[in-house]
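Enquirer: The following block contains the structure, expressed as structure tokens.
The values are calculated or read from the model by the stated rules, or taken from the named source; none is laboratory data. Computed from a prediction, not measured in an experiment: that's the story for all the values here. Reconstructed Cβ throughout: ideal geometry from the backbone, glycine too, with neighbour counts over all protein chains shown. Surface areas here come from the heavy atoms of the whole protein model, side chains and all, with no ligands, DNA or RNA. Shrake-Rupley method; radii C 1.70, N 1.55, O 1.52, S 1.80 Å.
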Amino acid sequence: MLPLSRAPLLLRISWAPCITTIRGRKSRFDLPAKSKAARIKYPPMVCIEELLNVRNRYQEYRTILGAMRADFKEEMLRSMYEHEVGSLAEQRLHLEAVEHATLMAWNKEENDKALCRRLERLRLEEQVFKAQRKEASIRKDEVELEEQQEREQEIQRLQELSRTFITPDNLVERIEAALDSPKSYNFCLDREGRVLRQGAGQS
């Protein structure tokens, strides 16, 4: 290891790091050791009496556990049968019938309330429709009355104008009145609407 000349004393490494040696395990493909190459593996010695005793104990344990499981299963099946077919089922059906009757009564009550609200809404809508139709009829009568008055005024105006019309009955009278009238219509109008007479200035 090279010494650090310029480094301070605290940063200098004065010994090599300690590395712990770990013994690795042999893989299954490695050859056995020379001292164990010729060794024959024998099964461990077993006491026959102890083996029979343990086997009998395991058989008793399995028998007792199976009996307990069968008892529990029978109790579960009996409770399921009672729940589906027996008295519990009758009680459940009775409760369901009572609940159904209660729900049907509540449903009928809610339907009656909704029907009352609907009838009230229809009545209000009919009243509004009648009022609107009445207002429309009144407005229509007023418009027709105004139109009739306008037509009557127009007829009166035309009747007043018709008095000055020239008809075959008053043709001679109108001609004589025009000849006797001192007013002269021998003039013309310019673009501005002024009267232009022959031999006279603009008027």
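Enquirer: Considering region 19-108, what Rg and Dmax in Å follow from its alpha-carbon atoms?
Expert: According to the Cα coordinates of region 19-108, Rg and Dmax are 33.6, 97 Å.
Enquirer: I would also like to ask the following. If you count only protein heavy atoms and use a 1.4 Å probe, how large is the accessible surface of Val98, to the nearest 10 Å²?
Expert: 70
Enquirer: What percent do you get for the relative contact order of the chain when only Cα pairs under 8 Å and 6+ apart count?
Expert: Over the chain, the number comes to 4 percent.
Enquirer: Within the chain, what whole-number % of the accessible surface is contributed by carbon and sulfur, with the 1.4 Å probe and all protein chains included in the calculation?
Expert: 58
Enquirer: Across the chain, how many lysine pairs, 8 or more apart or on two chains, come within less than 23 Å at their alpha-carbon atoms?
Expert: So the count of such lysine pairs works out to 4.
Enquirer: Give me the distance between the Cα centres of region 81-120 and region 130-145, rounded to whole Å.
Expert: Using only Cα atoms, the two centres lie 54 Å from each other.
Enquirer: For region 164-194, run through the trypsin sites (Lys or Arg not before Pro) and keep only the ones in DSSP coil with at most 13 other Cβ atoms within 10 Å of their Cβ.
Expert: Taking region 164-194 and a limit of 13 other Cβ atoms within 10 Å, the loop trypsin sites (Lys or Arg not before Pro) found are Lys183, Arg191, Arg194.
Enquirer: Related question: Return the tail of the calculated pair distribution for the chain, meaning the percent of Cα-Cα pairs more than 24 Å apart.
Expert: Result for the distance tail: 86 percent.
Enquirer: Another question about this same structure. Quick one: net charge around Ala37, please, counting Lys, Arg +1 and Asp, Glu -1 for every other residue with C-beta under 15 Å from its C-beta.
Expert: So the surrounding residues net to +4.
Enquirer: Nearest 0.05, what FRET efficiency do Glu173 and Leu196 give at R0 = 25 Å with Cβ-Cβ as r?
Expert: Efficiency at R0 = 25 Å is approximately 0.20.
Enquirer: Can you tell me the Rg and Dmax of region 68-162, counting just the alpha carbons, in angstroms?
Expert: Reported Rg and Dmax, both Å: 38.7, 128.
Enquirer: Please return the longest range in the chain lying between exposed loop sites, taking chymotrypsin sites (Phe, Trp or Tyr not before Pro), DSSP loop only, at most 10 other beta-carbon atoms within 10 Å, and leaving the sites out.
Expert: 30-164
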